[in-house]
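The values are calculated or read from the model by the stated rules, or taken from the named source; none is laboratory data. Bear in mind the structure is a predicted one, so any value in this text is a computation, not a measurement. Ideal geometry is used to build each Cβ from the backbone, glycine not excepted, and the neighbour counts take in all protein chains shown.
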Amino acid sequence: MSEPSGHLATRPSPCVRLPRLLTSLRSRPSTWLALAAAGLALALALRSSFKASPAPVLPLSRGVEAKIASELSDEGELVGDFPPLDELDELDDRDRLWPPDLDKPLCTPKIYVYDLPRELRLPDSTVSQCRWSAYNSELLLYQVLADPPSETLPVPPNHPHRTLYTSDPSEADFFLVPLFPACYLFDCWVKAGWTKTERCDVDASYVQPVMQHVREAFPYWNASSGADHLIFHPMDYVDGYYTETSRAAMNASSYLVTVGDLRPKPYGQHFRFYRDIVIPSSTHLLNSYYINPMDYLNEEGRPLAQLRGTQTPNRKLDILPTYPEIFLPSPTPPLKGFFPPLLSSLRRFSRLSSPSATVERDIFAIFRGGVGEPTDGEAYSLRIRSLFFPSASGNLSSSPYSSSIHHGFASLPGFDIAPSSDNLDYARRLARSKFGLAPPGYTLDTTRVYEYLAFGVVPVFVGSGPHAGQVMPFANDVDWDAFSVFVPRERAHETPRILREMSEEEYERKRRVVWEVGRKVVLEGREGNAWKLIARQLCRMKRIGLTPGPEIANN
Ligand SMILES: *[C@@H]1O[C@H](CO)[C@@H](O)[C@H](O)[C@H]1NC(C)=O
Ligand SMILES: *[C@@H]1O[C@H](CO)[C@@H](O)[C@H](O)[C@H]1NC(C)=O
Ligand SMILES: *[C@@H]1O[C@H](CO)[C@@H](O)[C@H](O)[C@H]1NC(C)=O
């Protein structure tokens, strides 16, 4: 960019400058000093250039030049810190920067949800069983958009059911097919005693009739050849479970998938980068047991000394399946008894600390999970989890399947690593953990990441994540780097040291972004954030809301 010409006009020309300098030398001793300093700087610059080391070439003000010169060693190398610079001013237009403000939608696409005839819907028993599976995400996203329970859950004005959902297909930009093939297969596998090669006729009995109905009973599929239709595929191999005929029937639509994998085939062969949208997985803790992180943490994401809300070990039995709540604490259960106000004050009085008192996160790093089966070999977690548990034999055929003898991360101070935990115990520990380890499982993605985000735990991707070929949910709008740590597989063994070396300041920065932004990626129903983030991707797909822009010069 050129300087405004006004600045040039006020600068004296070279022929007026020399007499002015001479006058100034006569009247002001400070000018002599300035000349001497300039001479010294010149000598230093010449000296370092004789040594053929790079001399500072930027026009520097005198003070800074002297400071830099003093920090050049005899060999002309910079030692010590660079002189500090001020932060850049904030931009007037925040939208010039990425990541975007997620509260500002790119556009508001309208989504129609097909209403399938009874005989094409899954039986209620299959649906309710699926709420306990990892494939619950397809049910939950459907429900948030089409069918929020308004009585148990007051729907806020910008809830996606209000803003994105339409019951009028003629005004729709996109069409959601309520096909839940993962739930169908889950039910099939439960009945078949976990024989995962079993298919229970999913193609001819379920996928194909639904797709035929969508094609024939409405004009919308044909109108776009299916390109503006959305279908859930939250299983590891996406549509890889179905026959060629079923796959061809769904192929033209966009899939909502939980595994975004960019590795070469066979690992990444099902993910269609140009067409599919990666969604978060549902998790047992949040989406089946409805454990509420806000019962464990305060509004800033700091662990409460005293848990609040209604959590009980039997929560899954005594709460109606509604929605996971991750933004508001559970309501306090009404007190039953003779004189509730007295009981209430007694209860308050009996507490040792105030209900809002917080404690420090005193677990340095947490991990709950296994190491796979003896037959898995490197297929499970790329062998990364073999570092987590003590390896006494150094035998690749026995747990933890490590070729070396080592004590494992589990024995390090502050590392809370175990194969499993009871739900409430896990929730309590998550709330008190700084870092959460996220190595791959059979795939790069694992559901525990969303539990970390919901509980304000900074995720540590070890050999997984955006720098290991994993496409993260909503990566076009959410800066995963800002709230996560990445350790490449070849440095996995250095994970404890890498985490220890992070400054408290940087940890706190990441923790705050996890709490402010990371949480918005988690599947929940009250805000419906996942649909708001899906909508941003839909806006881009159809370029909705685009206006002819001003011409932008290229440099
Ligand atoms: C859409 O096209 C298919 C085959 O191309 C046809 O069988 C179907 O009837 C069409 N749907 C509608 C509503 O016309
Ligand atoms: C899916 O569509 C692509 C073109 O978009 C085509 O090349 C591919 O063969 C189709 N796959 C199936 C299974 O129909
Ligand atoms: C390694 O472990 C397997 C299974 O536990 C065992 O059969 C084998 O003998 C062990 N090999 C060695 C060298 O210890």
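Tally the residues that are among the aromatic types (Phe, Trp, Tyr) and out of contact with any Phe, Trp or Tyr (no Cβ under 8 Å at 6 or more places or on another chain), restricting the search to the stretch 430-456.
Number of matching residues: 2.
Scan the stretch 115-137 and give yes if some residue there is of a type in the set (Lys, Arg) and more than 22 Å from ALA530 (Cβ to Cβ), otherwise no.
Yes.
From the residues in the stretch 236-292 that are more than 20 Å from the chain's Cα centre (by Cα) and β-branched (Val, Ile, Thr), which one is nearest to ligand 3 (Cβ to nearest atom)?
For the stretch 236-292, the residue satisfying everything is VAL238.
Consider LEU453 against the criteria (1) surrounded by 21 or more Cβ atoms within 10 Å (Cβ to Cβ); (2) in contact with a Leu (Cβ under 8 Å, 6 or more places away or on another chain); (3) part of a helix (DSSP H, G or I); (4) among the hydrophobic types (A, V, I, L, M, F, W, C): it satisfies all of them except one. Which criterion is unmet?
With (1) surrounded by 21 or more Cβ atoms within 10 Å (Cβ to Cβ); (2) in contact with a Leu (Cβ under 8 Å, 6 or more places away or on another chain); (3) part of a helix (DSSP H, G or I); (4) among the hydrophobic types (A, V, I, L, M, F, W, C) applied to LEU453, the lone miss is (2).
Sort through ALA223, ALA192, ALA182, ALA217 and tell me the only one that's more than 16 Å from ligand 3 (Cβ to nearest atom) and in contact (Cβ under 8 Å) with a residue 24 or more places away in the chain. Full working, then the answer.
Values: ALA223 fails: in contact (Cβ under 8 Å) with a residue 24 or more places away in the chain; ALA192 fails: in contact (Cβ under 8 Å) with a residue 24 or more places away in the chain; ALA217 fails: in contact (Cβ under 8 Å) with a residue 24 or more places away in the chain.
Step by step, each of ALA223, ALA192, ALA182, ALA217 is checked, and only ALA182 is more than 16 Å from ligand 3 (Cβ to nearest atom) and in contact (Cβ under 8 Å) with a residue 24 or more places away in the chain.
Output the number of residues of the stretch 198-234 satisfying the condition of being within 16 Å of ligand 2 (Cβ to nearest atom) and at positive phi.
2
Under 8 Å between Cβ atoms, at least 6 apart or on separate chains: pull out the pairs that start in the stretch 383-407 with a residue that is touching a residue at least 40 places away in the same chain (Cβ under 8 Å) and end on any residue that is assigned to a helix (DSSP H, G or I).
Filtered contacts from the stretch 383-407: ILE384/ARG489; ILE384/ALA492; LEU387/PHE409; LEU387/ALA492; LEU387/HIS493; LEU387/THR495; PHE388/PHE409; PHE388/ALA410.
Based on what the data block shows, is ASP173 within 28 Å of ASN529 (Cα to Cα), under 26 Å from the mean Cα position of the chain (by Cα) and among the charged types (D, E, K, R)?
Details: within 28 Å of ASN529 (Cα to Cα): yes; under 26 Å from the mean Cα position of the chain (by Cα): no; among the charged types (D, E, K, R): yes.
Judged against the criteria, ASP173 is not a match.
Return the only residue of GLU216, GLU138 being within 16 Å of ligand 1 (Cβ to nearest atom) and charged (D, E, K, R). Give the derivation first.
Details: GLU138 fails: within 16 Å of ligand 1 (Cβ to nearest atom).
Testing whether each residue is within 16 Å of ligand 1 (Cβ to nearest atom) and charged (D, E, K, R) leaves just GLU216.
Residues ILE326, ILE319, ILE291, ILE363: which one is among the aliphatic types (A, V, I, L, M), closer than 29 Å to GLY456 by Cβ and at pLDDT 95 or above?
The unique qualifying residue is ILE363.
So PHE271 fits all but one of (1) away from ligand 1 (no atom under 16 Å from the Cβ); (2) among the aromatic types (Phe, Trp, Tyr); (3) touching a residue at least 12 places away in the same chain (Cβ under 8 Å); (4) over 27 Å from VAL517 (Cβ atoms); what number is the exception?
(4)
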